[in-house]
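The values are calculated or read from the model by the stated rules, or taken from the named source; none is laboratory data. From a predicted model like this one, the values you see are computed outputs, not experimental measurements. With ideal geometry, Cβ positions are generated from the backbone for all residues, glycine too; neighbour counts draw on all protein chains shown.
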Amino acid sequence: MSSRIMTVIRANVNDRISRAEDPARMLDQVIVDMRMQLEQAKRQVCVAIADERVLRRHVDGHAQDAAQWERRAMMAVRAGDDNLARAALARKTSADELAATYEAQWAEQKRSVDGLRQALRGLDMRISDAMRQRNMLVARVARAQAQRTIAATLSSIDGVSPYSTLERMEQRVMQLEAEVEAVAELDPHLDTNLDAQFAALATTTAVDDELAALKRRYALECERERERERKALPA
């Protein structure tokens, strides 16, 4: 795969990572939205539970009325008043019918409430899962960003970098040293040519000084790069 294609691939990956400027904040907002939906659902479930309890009270109330009218009918029978007993039994029948009507409504409402409660538990579990996924995704993004930094550093080392410059300077010094040695071998009077010797020494010393400075600069840049990589790693 050519270096140009690798450069394009790295650029695309870096762009996708960069677009998620603050993934933790984005995921936190998703969880906040889900919690708001949970609170709204809880309010709706509370209303449904209240309706179910009201219906239950209607059922119990009409059942108590029916029982009371039955007791009154019995009292009329004991008193020998059949007409009063019939009237009491008619009221009992009406109360029984109302109790049965509310019983059916309450049973339907209770099924709805049970379903809402189950859905509410499911939503609560989804929020818990989302929080766990949020932590894992944030960690994955941090690792991706660290890998991007490392890849960029390695790419710069492979191309034009202080390291390659250092190699060229070392080759230059070796060439100058070889030239000085060659001159010494060819010129038997080199010992008396002090000007030439000092000129060659000055040249070599200047190059050595430049090489030493470049090495210090390269060591400083490497230390800074290692510091950036340590900061980029997840805590």
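Here Ala85 meets the list (1) touching a residue at least 40 places away in the same chain (Cβ under 8 Å); (2) farther than 30 Å from Ile31 by Cβ; (3) of a type outside the set (D, E, K, R) almost entirely, failing just condition (1). Going by the conditions given, is Ile150 modelled with pLDDT of 65 or more and either in the same structural domain as Arg216 (by TED's automatic domain parsing) or among the β-branched types (Val, Ile, Thr) (or both)? It is true that Ile150 is modelled with pLDDT of 65 or more and either in the same structural domain as Arg216 (by TED's automatic domain parsing) or among the β-branched types (Val, Ile, Thr) (or both). Among the candidates Asp51, Asp81, single out the residue that is more than 18 Å from Leu98 (Cβ to Cβ) and of a type in the set (Asp, Glu). Of the residues listed, the single one that is more than 18 Å from Leu98 (Cβ to Cβ) and of a type in the set (Asp, Glu) is Asp81. As for segment 187-203, it holds no residue that is modelled with pLDDT of 70 or more, among the acidic types (Asp, Glu) and assigned to a helix (DSSP H, G or I).
One residue stands out among those in segment 40-76 that are over 60 Å from the mean Cα position of the chain (by Cα) and among the basic types (Lys, Arg): the one that is modelled with the lowest pLDDT, which is Arg72.
Taking (1) loosely packed, with under 15 Cβ neighbours inside 10 Å; (2) in contact (Cβ under 8 Å) with a residue 60 or more places away in the chain in turn, Asp60 satisfies each apart from (2). Checked across segment 87-96, the condition of being out of contact with any helix residue (DSSP H, G or I) (no Cβ under 8 Å at 6 or more places or on another chain), in the same structural domain as Ile49 (by TED's automatic domain parsing) and at pLDDT below 90 holds for no residue.
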